[in-house]
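Single-structure report; data block below.
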């Protein structure tokens, strides 16, 4: 039993890493250019990151590691993320310290791909681990919550911050929901809210690497790098719920069959 559990954990880690292909490649570019990008290069580092992210996305589609339907949803998240980036940089929540040409509203356009990476991960891991659920809330309900979350990212700068109420609503919607997945041979499960928290935690780790590499900086990092406050974990948790909702709109959360009942067939994918 211990050997089987170790094997499942090993496969779980491998498949998670494979699902993170977009995000991992983009983070490697960010860190690599921070360490090795020449100061006198004709092409700005941020512009190189933009072209590099386009190449990564194109490769995922060319090798059928993502479907065009998934890419459309990821593009929506890219646009949603870029719009929020423009607003947040203007109110001083964070800044991009380097100059470049490919910008919109003062924001380098590679930044939107960081949101795309989250969407790409969720779309890929959903297929790779064969996600199914019990007691999953209706997509329209989580869609309304996602609109409220996105609105609050802007609204709290001028009015009240409703994030704690949004956490409560998320708990009410997904509190009884379990996610089922298959790393190798065993069918495993966990509370979906716990799964959200684990993903948000790893995004927070990646954010620390990204700010260390100067991809963007928070106000407390202007004088030198310091760890990103753990409070940002909550923001990533809420933003991840938006990404999950967008992916759920195309994958349609399927019910995990009761023991002894066969699962409804789904399109197989090695990507």
Query raised in the report: What is the gain in length, in nm to one decimal, between residue 87 and residue 140 on full extension, counting 0.36 nm per residue of separation less the C-alpha to C-alpha distance?
Result: 16.4 nm
Query raised in the report: Among 255, 223, 207, which one moves the most in a GNM of the chain with springs linking Cα atoms closer than 10 Å?
Result: 223
Query - Between helix 139-155 and the chain: long-axis angle, C-alpha atoms, 0 to 90°, nearest 10 - result: 20
Query raised in the report: How far is helix 192-212 tilted off the main Cα axis of the chain, in degrees rounded to 10, range 0 to 90?
Result: 20
Query raised in the report: Say each of residue 158 and residue 34 gets a label point 7 Å from the Cα, pointing the same way as Cα to Cβ; how far apart are those two points in nm?
Result: 3.4
Query raised in the report: By how many degrees, 0 to 90 and rounded to 10, does the Cα axis of helix 45-62 deviate from the longest principal axis of the chain?
Result: 30
**Report entry** Difference of contour (0.36 nm per residue) and Cα-Cα distance, residue 198 to residue 41
**Finding:** 52.7 nm
Query raised in the report: Okay, helix-only estimate at 222 nm for the chain: each DSSP H run of n ≥ 4 adds -39500 (n - 2.57), divide by all residues, round to 500 deg cm²/dmol; what do you get?
Result: -20000 deg cm²/dmol
Query raised in the report: Going by the alpha-carbon gyration tensor, a ≥ b ≥ c the square roots of its eigenvalues, is the stretch 88-244 rounded (a/c under 1.5) or, if a/c is not under 1.5, prolate (a/b greater than b/c) versus oblate?
Result: prolate
Requested in this report: With an 8 Å cut-off on Cα pairs and a minimum separation of 6 or more residues, tell me the relative contact order of the chain in percent.
Outcome: 27
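We did not get these values from a lab; they are worked out from the coordinates using the rules stated. Keep in mind that what you see is a predicted model, and the values were worked out from it rather than measured. Heads up, the Cβs are rebuilt from the backbone with ideal geometry, glycines too, and the neighbour counts pull from every protein chain shown.
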